[in-house]
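The values are calculated or read from the model by the stated rules, or taken from the named source; none is laboratory data. This one's a predicted model, so the numbers in the text were calculated from it and none came from an experiment. Here Cβ is always computed from backbone atoms with ideal geometry, including for glycine, and neighbour counts include all displayed protein chains.
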DNA sequence: TATATGTTGTC
DNA sequence: ACAACATAT
């Protein structure tokens, strides 16, 4: 009996369907012991932020309910992870530990140490893929090197063909012996101040919530092609937090979309899944890019460390309506539309000249889908210092972007209600309008809505001049 | 998945 | 007057 006991170590694979490690553990023997170990310090310097912890709390609850429905349970312990695993082995006589791989540098190193220690102790330690269509070392250039440009990476992935079809969720699981477990509340993942009510209203964490979201999105996925850039519409999948926590797998998403649209009408969306793969590829092969620019010349970029500017951006008080709408959507819901992420990021980095790392940190703490791979890629792309980077001179004009992608102003009116009565023409450039006109809509700039933090045209010139300075010494 | 500006074409 | 396009950043 004990020789068949397998510890199933859950981390960010919080689902029961399409779970290779779970499947292998069931095949191996009659006893599977699901465990979650809370050890945030092992992920330093990128331990989960506040929004992620809220999500994790909910997701662990959902996973525990699902496991109990199938006759099993979720044992919850505190780290250090290796100590907790050893303790469980002593308590259960387990002879194997299975888990799903992650790709953050600190986690890779932690897992490597644990795998080695377990094997030296005669335990079968085995990891599985659960998070990616193609793991980072399975895609390489003809030179055998990692990709640094998206399009060739995308083609290489296409050449690898469709992933295997997802595994079904088990209908029953073996019962587990009586073991001590913490309550989820004991992990204190929820903040003492209840700032998360807006987040709770917007999301259903957990496998069921993820599958519901996928089921709702798959039929309308073709809309993604034409409406993806419209934050005032609901045309994106909003699957990112579910994917981050592994509540659904990219294989499940891939096949649900493919089967709903065999003609290829949803290819633009599937291409975005490959961006996610690309981000993990880069994180794995260039692990320093979480904090350092991939292009070294950006190390001497003359950033401004103006805390006042950073704070205004964080609070959504920049005086640029589309930027403020995005930052407030983020604060209230733990999420921001991707087009708006690019706009607010460009504003922070290029208009305010605040280091991209400061923006990445804020996103890390406030996004429910905060993901080290995606976050690092996104910020470096915006700053122009990363792989496949936007050339530095691509500077978003927040007024133009607003007019183009929020043409009716509905997104701004929703998240910046003090501007709700201003007519659409000129809503996105409220700083250019005269006082009387705004007074008629009940707005006094500087009292009801902040004056523009910087003049975009001048800020653009300053950013280009700063870039010119680092370029000259290339 | 950029923008500002200048030139050319069309009415 | 303004769209369409080219080009520099």
Discussion item. Can you say whether residue A:324 is within 16 Å of DNA strand C (Cβ to nearest atom), touching a residue at least 12 places away in the same chain (Cβ under 8 Å), over 16 Å from the mean Cα position of the chain (by Cα) and in the same structural domain as residue A:457 (by TED's automatic domain parsing), as far as the supplied structure shows?
Written reply: no
Worksheet item: In the stretch A:357-384, which residues are in a loop (DSSP other than H, G, I, E, B) and more than 16 Å from DNA strand C (Cβ to nearest atom)?
Response: A:367, A:368, A:369, A:370, A:371
Fill in: Selection status of residue A:322, closer than 18 Å to residue A:463 by Cα, in contact with a helix residue (DSSP H, G or I) (Cβ under 9 Å, 6 or more places away or on another chain) and within 16 Å of DNA strand B (Cβ to nearest atom)
no
Response to the item:
The lone condition residue A:129 fails out of (1) touching a residue at least 12 places away in the same chain (Cβ under 8 Å); (2) within 25 Å of the chain's Cα centre (by Cα); (3) exposed (fewer than 15 other Cβ atoms within 10 Å of the Cβ) is (3)
Fill in: Residue match in the stretch A:217-236 (condition: touching a residue at least 40 places away in the same chain (Cβ under 8 Å) and either under 30 Å from residue A:84 (Cα atoms) or in the same structural domain as residue A:78 (by TED's automatic domain parsing) (or both))
no
Fill in: Among the residues listed as A:258, A:311, the single one being surrounded by fewer than 21 Cβ atoms within 10 Å (Cβ to Cβ) and either closer than 30 Å to residue A:169 by Cβ or touching a strand residue (DSSP E or B) at 6+ places or on another chain (Cβ under 7 Å) (or both)
A:258
Discussion item. Can you report the number of residues in the stretch A:375-393 which are touching a residue at least 12 places away in the same chain (Cβ under 8 Å) and within 11 Å of DNA strand B (Cβ to nearest atom)?
Written reply: 8
Discussion item. Here is a check on your reading of the model: is residue A:467 surrounded by 14 or more Cβ atoms within 10 Å (Cβ to Cβ) and at pLDDT 95 or above?
Written reply: no
Practice prompt. Quick one: which residue in A:344, A:354 is in a loop (DSSP other than H, G, I, E, B) and modelled with pLDDT of 95 or more?
Written response: A:354
Worksheet item: Considering only the stretch A:7-31, how many residues are in a strand (DSSP E or B) and either surrounded by fewer than 18 Cβ atoms within 10 Å (Cβ to Cβ) or within 30 Å of the chain's Cα centre (by Cα) (or both)?
Response: 4
Worksheet item: Any residue at all in the stretch A:129-136 that is touching a helix residue (DSSP H, G or I) at 6+ places or on another chain (Cβ under 9 Å) and either more than 30 Å from residue A:384 (Cβ to Cβ) or in a strand (DSSP E or B) (or both)?
Response: yes
Response to the item:
Just one listed residue, out of A:448, A:461, A:434, A:423, is under 30 Å from residue A:300 (Cα atoms), surrounded by fewer than 19 Cβ atoms within 10 Å (Cβ to Cβ) and either within 16 Å of DNA strand C (Cβ to nearest atom) or not assigned by TED's automatic domain parsing to the domain that holds residue A:234 (or both), and it is A:461
Worksheet item: part of a helix (DSSP H, G or I) and out of contact with any strand residue (DSSP E or B) (no Cβ under 9 Å at 6 or more places or on another chain) - does that describe any residue in the stretch A:228-235?
Response: no
Worksheet item: Looking at the stretch A:391-454, what helices (runs of 4 or more DSSP H) fall wholly within it and have at least 3 residues that are under 30 Å from residue A:471 (Cβ atoms) and under 32 Å from the mean Cα position of the chain (by Cα)?
Response: A:398-405
Response to the item:
Per the filter on the stretch A:215-237, residues touching a helix residue (DSSP H, G or I) at 6+ places or on another chain (Cβ under 6 Å) and under 16 Å from residue A:271 (Cα atoms) are A:218, A:221, A:224, A:225, A:229, A:235, A:237
